[in-house]
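These notes concern the structure reproduced below.
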């Protein structure tokens, strides 16, 4: 029950009605009986009310400002003083139509009409009976309608449930009047003196703080018991809101008193600190921190720790060195995004479009990334996986992380780990030291502003170990989904939740990553690009980027696919596209120079233009060694910059059976050569080699480009083929290459890096490739269009390799062994 007001029809200026409470007559059961026996006229003028509902028996004042409403009141006041009152469905409608008013209203009698100084007319009316509109007979100058009586069902006089409801309404009304400061206490007399149950329900319903549609719902209820029960429910809600409001005001008053007390104490402490320190007071600074802390979303544990540290700072002398450390510490607490998360956008189709827009090729990588995002979406706990994008330089590992951040709608953070050798860079310094700082993980989260960014850990394989600890071991807690919910930073001195961060590591090699650290990550192999893919990347991404960076547009220079292919094949040898980007930049700079100097140049680049600008091709496609020479075999190797072909040469010289290996080979490749030599000795009869040959001739194995270190387990097949070719003087077939490891029993073992090796073989125009049969699954994962022109032979035993690789005839100048 709220403060009673004059209800206006056309304006929002309200006048208090409390002082005029004598205008509300208390209806007796006898008055109610007389009203019920009254006969309603068949037709009545209809007065629409904007913001209230009139109930039977209730007296309300209304202010009319519309011309139609004023004319209706004047005409009715001169006549029978009986009108029909209905409520508007939308109070903002200035001139309501028949559809804008409710069909059920109350017949009202005009008690008094007052002319107001502002030109409006105020009329006091009393509700009589409810009615329903059967038909609108006229709309001008005001509504006139045919109406019919709406009967009301009343419970029996001795209905105990209804009696209890009425008693509850009275009691609750008295409680509301007692609790509400806006209702005068005299209203309790009115409630106590109401004898009619029907009028009590209507009176309370009319005076409650309800919306028009809610009051209208009460009015249309025909059963008095149901209407009383509905009224009681609304009263309970209003009483609960009133209690809550009073509780809040009480708490606010109490808090204000506590704040005033603290203010006086702080002012005294400020004066004492100024006297003791002789310097500037820190009171204002501390107050600012306390105000900032109110908006933080940290839990009780963090809040308690912050308040404790703030109190410690409050007791410090601002002149001591520890004061600035403590201030930096608390600033970090306030700047960190505790429990602040950006909302993920799990539109996987949009994510796929972003990945396709930013990266050409890499279909398997994109597929796995989309799978991870799908799992995140379905699991819906925001716990992110730890991804490691592994591959050669320049293939787009770091930019993939940026695209994932855009697809998810998260902040993007990149942290380079190359050469990092101080554990404190990860975990931070203890704040007891001068110059102490938090670790770079916490610092980057502070910059990101959210606790769930996409966090790219670049070059994780290049973490170093120094005298200041082992950073790779410190990363174990960061990248463990089971532990990083309480990541401990030495400077922060508290656990910080990193479980919502999506960590994406990048690496060129897995061999240098600590095994325990590698075990915590999901490895995604980002392989190199084919020539066709590089040409498309150059056309779609690199050329437009370089034109923009050099202030040109796409009409200033055009490089067609044949010329891009010439640049790729003649001037770059890499798995990625950084070298290609540099060569395209040279072409663009050449065009920019000519435009600036107003010289003529070819907008459409020709092959001659490529040679003029970039010079003669420096990286001619690898050629095969002369197949007429026995002992020369082409192998396939994996390097950190992608695949490459590898020539292995063998030669015999008279001696005592010594084995010499050159070419800057590692331990594994030297072991492969030894195994191959021993296998040949053990199976000399099968190859048709005389045993005494091994005692009369020295064997020299060489891998060209001796300045380049070489090692790995994939040269065993190639070395064995080279030696058998040498001893039997049978030449190796043309356009064939091979890769694989061998055992002493002559078994061929599978090796890795197959896609990179296949790309290298295709660049060198190789036609046939020998692989272990177990590597067939790696070939199946490569797109068929990249395998055109290649024939694969899958083997399990060295006898199969030699049968496929060596010709039957000996070379023309074969030695007699």
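Here, each number is a calculation from the coordinates, and none is a lab measurement. These figures come from a predicted structure and were not determined experimentally. For neighbour counting, all protein chains shown are included, and Cβ atoms are generated from backbone atoms with ideal geometry for every residue, glycine included.
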* Structure fact -> Stretched fully, the stretch from residue 667 through residue 137 gains (0.36 nm per residue minus C-alpha distance, one decimal, in nm) 180.0 nm
* Asked: Cα axis of helix 363-379 to longest principal axis of the chain: angle in degrees, 0 to 90, nearest 10?
  -> 30 degrees
* Ranked packing of 505-518, 762-775, most packed first, by mean Cβ within 10 Å -> 762-775, 505-518
* Match the structure shown to one of the listed values [x] 45.1; [y] 60.9; [z] 41.6 of mean projected area of the Cα convex hull in nm², computed from it, and give that label. => [y]
* Which value in deg cm²/dmol, rounded to the nearest 500, describes the helix-derived mean residue ellipticity at 222 nm for the chain, given -39,500 (n - 2.57) per DSSP H run of n ≥ 4 and division by the residue count? -> -13000 deg cm²/dmol
* Asked: Fewest first, what order do 103, 308, 225 take by the number of other Cβ atoms within 10 Å?
  -> 308, 103, 225
* **the stretch 650-684 residues near the modelled residue 693 label - backbone nitrogen below 16 Å, point 7 Å along Cα→Cβ** => 650-659, 676-684
* **Rg and Dmax [Cα atoms of the stretch 112-253; Å; Rg one decimal, Dmax integer]** => 18.7, 59
* Structure fact -> Exposure-ranked with fewest Cβ neighbours within 10 Å first, 616, 799 stand as 616, 799
* Asked: Using alpha-carbon pairs under 8 Å, 6+ residues apart, how would you state the relative contact order of the chain in percent?
  -> 7 percent
* Asked: Using the scaling law 2.2 N^0.38 Å as the reference, what is the normalised Cα Rg of the stretch 659-731?
  -> 1.11
* Asked: How long is the gain from residue 604 to residue 300 if the chain were fully straight, where each residue apart is worth 0.36 nm and the alpha carbon distance is subtracted?
  -> 102.7 nm
* Pairwise centroid distance, computed over Cα atoms, of the stretch 66-92 with the stretch 524-546, Å -> 79 Å
* To do: Distance between Cα centroids, the stretch 410-458 to the stretch 706-750: provide it in whole Å.
  => 48 Å
* To do: Report the label-to-label distance for residue 317 and residue 348 in nanometres (one decimal), using points 7 Å from each Cα along the Cα→Cβ vector.
  => 6.5 nm
* Structure fact -> Restricting to Cα pairs under 8 Å and 6 or more apart, the percent relative contact order of the stretch 428-541 works out to 29 percent
* Structure fact -> Proxy exposure order for 521, 677, 669 (fewest C-beta within 10 Å first) is 677, 521, 669
* Ranked from highest to lowest mean number of other Cβ atoms within 10 Å per residue, what is the order of the peptides 405-413, 713-721? -> 713-721, 405-413
* Structure fact -> Given a Förster distance of 30 Å, the FRET efficiency implied by the Cβ-Cβ spacing of residue 682 and residue 660, rounded to the nearest 0.05, works out to 0.90
* Order the peptides 550-557, 421-428 from the highest to the lowest mean number of other Cβ atoms within 10 Å of their residues. => 421-428, 550-557
* Asked: Nearest 10 degrees, 0 to 90: what angle lies between the long axis of helix 160-179 and the longest principal axis of the chain (Cα atoms)?
  -> 80 degrees
* At residue 171 and residue 743, where each label point lies 7 Å from the Cα along Cα→Cβ, what is the point-to-point distance in nanometres? -> 9.1 nm
